[in-house]
Amino acid sequence: MTRRGLKQRVPKGPDHGPQRALITAGFVSRVGNGLFNTAAILYFTFVVHLPTAQVGVGLTIAGLSGLAVGLPAGNLADRYGPRTVWLTALALQAVTMAAFVLIDSWWAFTLVATLDRLAAAAANAAGGALIARAGGERPAAFRARLRTFVNLGVVVGTLGAAFALQVNTRPAYTALILANAASFALAGLIAFLGVPNYRPLPRPKEHRRWSVLAGRPYVSFVALYSAMGLQYQTVSLLLPIWLTAHTDAPRWTVAAVYAINSGVCVLLQSRLGSRVETPRQGGRAFRLAGLLFLVSCPLMALTAEAPAWVAPVLAVLAVCVHSVGEVWESSAGFALGFGLAPDHAQGQYQGFFGIGFGAGQALAPVILTGAVLALGHTGWLLLGVLFAALGAAGPPLAAWAERTRPATPGGEDPVHPVRDRRDESSLLEADH
């Protein structure tokens, strides 16, 4: 990488304008997501009158289709600049979201949902590259800070959706959908005004459109992180089913665990995430996350054996432990996801990361409901052991990646030529 390219990437400080613009845009778009996602299934089933099974099939088709866009969109971001691709994807999301108010059949629903997921996958790939550029020398720390406001936006949107759910009319649901569409447009406008149009960084001669597939440490990291991603739906899908079907806990416990999970992430993401910036620190954070999940999963299982007044307490305790683990796990993902990717190909690498994570999330419901619920307490224990084993692989993976990272003839790391020198000192301080 040339000195000119590196200079362009480094921001003036941690609170510079592009970062503030991206945080504001992310918050606005996630408020819209919170408004829509909370009521989406009710709109499709009770207003559009689609059977629940058909909605599930349509969303599965849309999700799998979106996996095909990550790498091409990432390559476009690397070639033409991440802001251009990201803004284009946001505009498409605004259009497809607004189109949901017009659907009246399963085919129309599936088509719109597929177009929406394609745009979302492209936005994720280009957005990851944009975060890497705006984050400068500390992209993982910036991504952790951004996630704090993203979670806060979802909470605000979810609270706002409660009013529409109470009214329970087509105009109320339509307002939520159009508000989400407007949030994409507003987020794009904020980014257009506040984020520079970063020029593509110089690429080495050996760069290829599929270079990420040749990086075995990064491919291994994506596989590892995608498997650990089961933890997200452990709280959002598995635990609510378990609480309602296998425990005497009151129904409000389900809402409580959602709120607590989001609240813990909002409060701790920046504080803990700022300590995880290098791949080596990311590996250790990944291991710690796995150990916390090993504690939280058996606690969740024990709610089935507890009296009605004890089960909510156990559920809250389990979710608190699990949420702290989620913060460490996501911070590890940021550090390794950005730290193991070359600057000139962040779009391609973030696109591939999105493909792996999306595939894991698509398989999560089948694994969690088909295996864990079927095995009961044993399933919860095995899930915790799986998370701990995946976490234990974090430090060796990070060490492998650093050991096999190629060097230029001048002895500099072609991935992060300046950042690595700073990382070594911070790692020494962290170890002592």
Open item on the list: Over the Cα atoms of the stretch 272-416, each weighted equally, I'd like the Debye log10 I(q)/I(0) at q = 0.10, 0.18, 0.20 Å⁻¹, rounded to two decimals.
Closed with: -0.43, -1.09, -1.24
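Please list VAL112, VAL167 from largest to smallest accessible area, probe radius 1.4 Å, with all protein chains kept in place. All intermediate terms of the calculation are to be shown ahead of the outcome.
Values: VAL112 20, VAL167 90 Å².
Order by accessible area, largest first: VAL167, VAL112.
Between GLN54 and LEU165, what's the calculated FRET efficiency when r is the beta-carbon distance and R0 is 25 Å? Round to 0.05. Spell out each step's value before the answer.
Working: r = 22 Å, r/R0 = 0.87.
So the FRET efficiency works out to roughly 0.70.
Share of the stretch 116-163's accessible area from carbon and sulfur, percent, 1.4 Å?
Details: 1050 of 1520 Å².
The computed percentage sits at 69.
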Open item on the list: Suppose accessible area is computed on protein heavy atoms with a 1.4 Å probe; arrange THR303, THR158 from highest to lowest.
Closed with: THR158, THR303
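The chain: percent of C-alpha pairs farther apart than 28 Å? Before the final figure, lay out each step's value.
Numbers: 46040 of 93096 pairs.
When all Cα pairs of the chain are counted, 49 percent exceed 28 Å.
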Task: Computed accessible area, THR38, all protein chains, 1.4 angstrom probe, square angstrom - done: 50
Open item on the list: So if I average 1/r over every pair of distinct C-alpha atoms in the stretch 256-346 and take the inverse, what Kirkwood radius in Å does that give?
Closed with: 14.0
Open item on the list: Using only the heavy atoms of the protein chains and a 1.4 Å probe, how would HIS344, HIS377, HIS49 rank by accessible area, largest first?
Closed with: HIS49, HIS377, HIS344
TODO: Please work out the average accessible area per residue across the chain, using the 1.4 Å probe convention, and give it in Å².
DONE: 44
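Around VAL154, under 13 Å between beta carbons, what's the net of Lys plus Arg minus Asp minus Glu among the other residues?
Values: positive: ARG30, ARG147; negative: none.
Around VAL154, the surrounding residues sum to +2.
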TODO: Sticking with the crude label model, points 7 Å out along Cα→Cβ, report the distance from VAL47 to ALA182 in nm, one decimal please.
DONE: 1.5
Task: Heavy atoms of THR378 accessible to a 1.4 Å probe, total area in Å² rounded to 10 - done: 80
Task: Rg [Å, one decimal], Dmax [Å, integer] - the stretch 341-409, C-alpha atoms - done: 17.1, 56
- [ ] Identify which of LEU340, LEU237, LEU176 has the largest mean-square fluctuation in a Gaussian network model of the chain, with springs joining Cα atoms closer than 10 Å.
- [x] LEU237
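So if I take the alpha carbon set of the stretch 27-66, get Rg, then get Rh from the Kirkwood formula, what is the Rg over Rh ratio? List each step's numbers first, then the result.
Values: Rg = 11.7 Å, Rh = 11.1 Å.
So for the stretch 27-66, dividing Rg by the Kirkwood Rh gives 1.05.
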TODO: Taking the Cα centre of the chain as origin, sum charge times position over the Cβ atoms of Lys and Arg (+1) and Asp and Glu (-1), and report the length of that vector in debye to the nearest 20.
DONE: 1320
Open item on the list: I need two numbers for the stretch 120-256: Rg to one decimal and Dmax as a whole number, Cα atoms only, in Å.
Closed with: 20.3, 63
Task: the stretch 68-157 - Rg over Rh from alpha carbon coordinates, Kirkwood radius - done: 1.05
Open item on the list: Net charge around VAL195, counting only other residues with Cβ within less than 10 Å of its Cβ (Lys, Arg = +1; Asp, Glu = -1)?
Closed with: +3
Task: Cα Rg, Dmax (largest Cα-Cα span) when computed across the stretch 132-177, Å - done: 16.4, 49
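From the helices alone, meaning DSSP H stretches of at least four residues, give me the mean residue ellipticity at 222 nm for the chain, per-run term -39500 (n - 2.57), in deg cm²/dmol to the nearest 500. Write out the running numbers ahead of the final one.
Values: 18 runs with 323 residues, N = 432.
Per the formula, -25500 deg cm²/dmol.
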Open item on the list: How large is the accessible surface of SER183 in square angstrom, using a 1.4 angstrom probe and rounding to the nearest 10?
Closed with: 10
Task: the stretch 205-290: chymotrypsin sites (Phe, Trp or Tyr not before Pro) in DSSP loop, at most 16 other beta carbons within 10 Å - done: TRP210
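Among all helices in the chain defined by DSSP H, which have a length of 27 Å or more along the axis from Cα atoms plus a Kyte-Doolittle mean of at least -1.0?
Working: long enough: 17-42 (39 Å, 0.64); 106-135 (42 Å, 0.93); 139-167 (42 Å, 1.06); 170-194 (36 Å, 1.39); 252-273 (30 Å, 1.08); 279-302 (35 Å, 0.84); 311-339 (41 Å, 1.28); 346-367 (31 Å, 0.52).
Those that pass (Cα extent of 27 Å or more, hydropathy at least -1.0) are 17-42, 106-135, 139-167, 170-194, 252-273, 279-302, 311-339, 346-367.
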Open item on the list: Looking at the stretch 24-120, I'd like the Rg to Rh ratio, where Rg is from alpha-carbon atoms and Rh is Kirkwood's inverse mean 1/r.
Closed with: 1.01
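The values are calculated or read from the model by the stated rules, or taken from the named source; none is laboratory data. Predicted model only: the values in this text are computed from it and were never measured. All Cβ positions, even for glycine, are placed from backbone atoms using ideal geometry, and neighbour counts span all protein chains on display. Please note that ligands, DNA and RNA were not included when accessible areas were found on the heavy atoms of the full protein model with its side chains. Shrake-Rupley method; radii C 1.70, N 1.55, O 1.52, S 1.80 Å.
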